[in-house]
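Working notes for the structure below.
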Amino acid sequence: MIRIQQLGQQFNATKSTLTIKDSRSGKQYEIPISNNFIKASDLEKIKDNNGSIIRSYDPGYMNTVNCTSKISFIDGDNGILEYRGYPIEQLAEKSTYLEVAFLLIYGELPTQLQYDKWCKKIQTHTFVHQDLYGLLSQFRYDAHPMGMVISSLSAVSTLHPEANPALSGQNIYADQKSRNKQIHRMIGSITTITALAYRNRIGRQPNQPHQQLGYVDNFLYMMDRLNESNYTPHPTIAKVLDILFILHAEHELNCSTSAVRHLTSSGVDIYTAIAGAAAALYGPKHGGANEAVLRMLEKIGSKQNIPQFIENVKNKKALLFGFGHRVYKSYDPRAKIVKQLAYQVFDLVGKDPLIEIALELEKIALNDKYFKDRSLYPNVDFYTGIIYKALGFPTDMFPLLFAIPRISGWLAHWCEFLDDPENKIVRPRQNYQGYKTREYVPIDQRKQTDAYIHAPSTSFSTRRNVSVQK
């Protein structure tokens with residue numbers, strides 16, 4: 001109710017309006033403008049002669065505001081990204097991932113006392129339910145680790161029925177202590193689940209969490225330790241990964257974050273909502289973009305092939321990955337930081353041959369009118385994949401290295417949605433263009449349609465198919 005009153009005050013305080021004249025009825029409408037948007041509900045005033053309400057049509061939400069948020073700010077024209085008002089450049093230079101996670105979720109940077117307690121709670125929840133070990137061990141050796149983690153996240157909800165609104169009441173997350181426990185558990189367990197998926201993939205026994213190591217160091221320890229009694233990750237690698245986690249922690253209403261809000265609106269438990277968000281992130285148009293960059297550079301092969309590749313892109317014979325962004329119309333501020341991190345990694349482990357191709361491709365693209373006219377500047381994915389490859393991460397682990405830090409951003413939006421009385425269950429409208437009412441036709445009176453119902457068949461079915469068709 002408070003939010004609604006505040007919005008009402010915003011609209012009443014401004015005299016800016018959008019004048020709409022309906023040529024069908026001749027009526028004129030004054031729609032209030034506040035913060036450069038109008039309320040879609042105000043369009044309900046406009047009706048045709050039959051009384052049907054006019055609606056806005058926006059596939060992909062290209063120009064739709066569906067929530068009020070205080071978590072992150074993006075100025076795509078000027079290449080600005082801020083978390084709770086703090087520039088991403090300052091956070092990457094001075095903060096840590098867990099401190100940034102606290103900032104995103106609770107709105108302010110923690111004091112030393114708060115930070116110490118926060119880290120301890122997170123670290124405690126790196127120990128996961130024993131049944132998850134059994135679940136992950138049942139996946140095939142070649143199962144994609146993202147599929148393993150998505151399934152495991154969803155399974156966590158079955159291991160904690162007391163945290164499931166469907167079983168324990170719709171208001172359980174109204175209790176801040178209960179909500180905090182899910183936050184601690186989610187941020188803590190994601191690194192363990194990811195490490196378990198990785199170890200299962202390479203056929204090695206899992207490592208238990210190390211309580212004396214920090215968040216990122218512990219993640220690398222669980223992934224990489226063999227039989228060393230005093231193994232610790234290299235501090236440069238841990239620091240680089242920590243900064244990458246900061247850069248990937250939050251990015252407004254992207255596809256996966258929108259999925260969290262969408263699913264939360266139904267009242268589903270947080271683990272299922274996060275699993276759904278991770279599934280959205282799994283898509284190659286979202287979390288798989290840095291892997292696509294890597295494959296693109298490998299396909300180019302050498303600097304000598306770049307001019308021809310550029311021409312192929314212009315002629316729509318090849319796809320360019322790692323350039324351009326739906327939000328940024330200038331250089332992605334995160335990309336500048338990642339580029340600097342790449343050189344730190346190369347100084348440690350050696351320069352990957354792909355970096356020379358990447359640098360030359362960036363140089364040519366930034367000076368080419370075709371790319372400048374289309375605002376195709378390098379984005380955060382351009383160098384991230386090269387760093388991960390240089391550090392020895394398998395390409396199918398890249399989406400998980402994106403998902404781990406983005407958990408904190410998803411949780412921040414989860415909390416904000418729960419606290420916002422304005423939010424309702426998500427239920428968009430559609431533009432129906434199908435058949436009007438028609439009568440059911442008995443099967444023996446129907447005409448053959450051109451519906452294509454065939455599906456591919458593997459070579460394993462050859463003998464059976466021939467036998468069945470004889």
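The values are calculated or read from the model by the stated rules, or taken from the named source; none is laboratory data. None of these values were measured; they are calculated from a predicted model. Counting neighbours? That spans all protein chains shown, and the Cβs are built from the backbone with ideal geometry, glycine included. Areas reflect the complete protein model, heavy atoms only, side chains present, ligands, DNA and RNA absent. Shrake-Rupley method; radii C 1.70, N 1.55, O 1.52, S 1.80 Å.
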Unique residue being open to solvent by 30 Å² or more (accessible area, probe 1.4 Å) and not acidic (Asp, Glu) when the list is Leu244, Leu167: Leu167
Within the set of pairs 6+ apart or on separate chains, which have a first residue in the range 54-76 that is under 25 Å from Glu44 (Cα atoms), a second that is open to solvent by 100 Å² or more (accessible area, probe 1.4 Å) and assigned to a loop (DSSP other than H, G, I, E, B), and C-beta atoms under 7 Å apart? Arg55/Arg429
Quick check on my filter: what residues within the range 298-317 are touching a residue at least 12 places away in the same chain (Cβ under 8 Å) and in a loop (DSSP other than H, G, I, E, B)? Gly301, Ser302
Positions within the range 247-274 being in a helix (DSSP H, G or I) and surrounded by 24 or more Cβ atoms within 10 Å (Cβ to Cβ), in sequence order: Leu247, Ser256, Thr257, Val260, Thr264, Ile270, Ala273, Ile274
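Check Glu82, Glu99, Glu44, Glu89 and return the single one that is surrounded by 12 or more Cβ atoms within 10 Å (Cβ to Cβ) and in contact with a strand residue (DSSP E or B) (Cβ under 7 Å, 6 or more places away or on another chain).
Details: Glu99 fails: in contact with a strand residue (DSSP E or B) (Cβ under 7 Å, 6 or more places away or on another chain); Glu44 fails: surrounded by 12 or more Cβ atoms within 10 Å (Cβ to Cβ); Glu89 fails: in contact with a strand residue (DSSP E or B) (Cβ under 7 Å, 6 or more places away or on another chain).
Checking each option against the conditions leaves just Glu82.
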Do any helices (runs of 4 or more DSSP H) entirely within the range 360-465 hold 3 or more residues that are more than 30 Å from Tyr106 (Cβ to Cβ) and modelled with pLDDT under 90, and if so, which? 369-373, 380-390
Tally time: how many residues in the range 154-170 are farther than 18 Å from Asn180 by Cβ and either charged (D, E, K, R) or not in a helix (DSSP H, G or I) (or both)? 1
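Can you name every residue in the range 74-90 that is of a type outside the set (A, V, I, L, M, F, W, C), outside any loop (DSSP other than H, G, I, E, B) and over 18 Å from the mean Cα position of the chain (by Cα)?
Initially, the range 74-90 is screened for residues of a type outside the set (A, V, I, L, M, F, W, C), giving 75-79, 82-87, 89-90.
Those still in the list that are outside any loop (DSSP other than H, G, I, E, B) too: 75, 82-83, 86-87, 89-90.
Passing the criteria: Asp75, Tyr86, Pro87, Glu89, Gln90.
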In the range 91-144, how many are over 19 Å from Met186 (Cβ atoms), modelled with pLDDT under 95 and in a helix (DSSP H, G or I)? 2
Can you list residue pairs whose Cβ atoms sit under 9 Å apart, with the first residue in the range 209-226 being in contact (Cβ under 8 Å) with a residue 60 or more places away in the chain and farther than 10 Å from Thr192 by Cα and the second being open to solvent by 40 Å² or more (accessible area, probe 1.4 Å) and part of a helix (DSSP H, G or I)? Count only pairs 6 or more apart in sequence or on different chains. Gln211/Thr124; Val216/Ile237; Val216/Lys239
Every residue from the range 374-386 that is surrounded by fewer than 24 Cβ atoms within 10 Å (Cβ to Cβ) and of a type in the set (A, V, I, L, M, F, W, C): Leu376
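For the subset of the range 222-231 comprising residues that are in a loop (DSSP other than H, G, I, E, B) and open to solvent by less than 80 Å² (accessible area, probe 1.4 Å), which member is modelled with the lowest pLDDT?
If we filter the range 222-231 for residues that are in a loop (DSSP other than H, G, I, E, B), which is where we start, we get 225-231.
So of that shortlist, the ones also open to solvent by less than 80 Å² (accessible area, probe 1.4 Å) come out as 225, 228, 231.
Details: Arg225: 96, Glu228: 93, Tyr231: 96.
Ranking the candidates gives Glu228 first.
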Here the residues within the range 47-73 that are acidic (Asp, Glu) and either under 33 Å from the mean Cα position of the chain (by Cα) or open to solvent by 90 Å² or more (accessible area, probe 1.4 Å) (or both) are Asp58
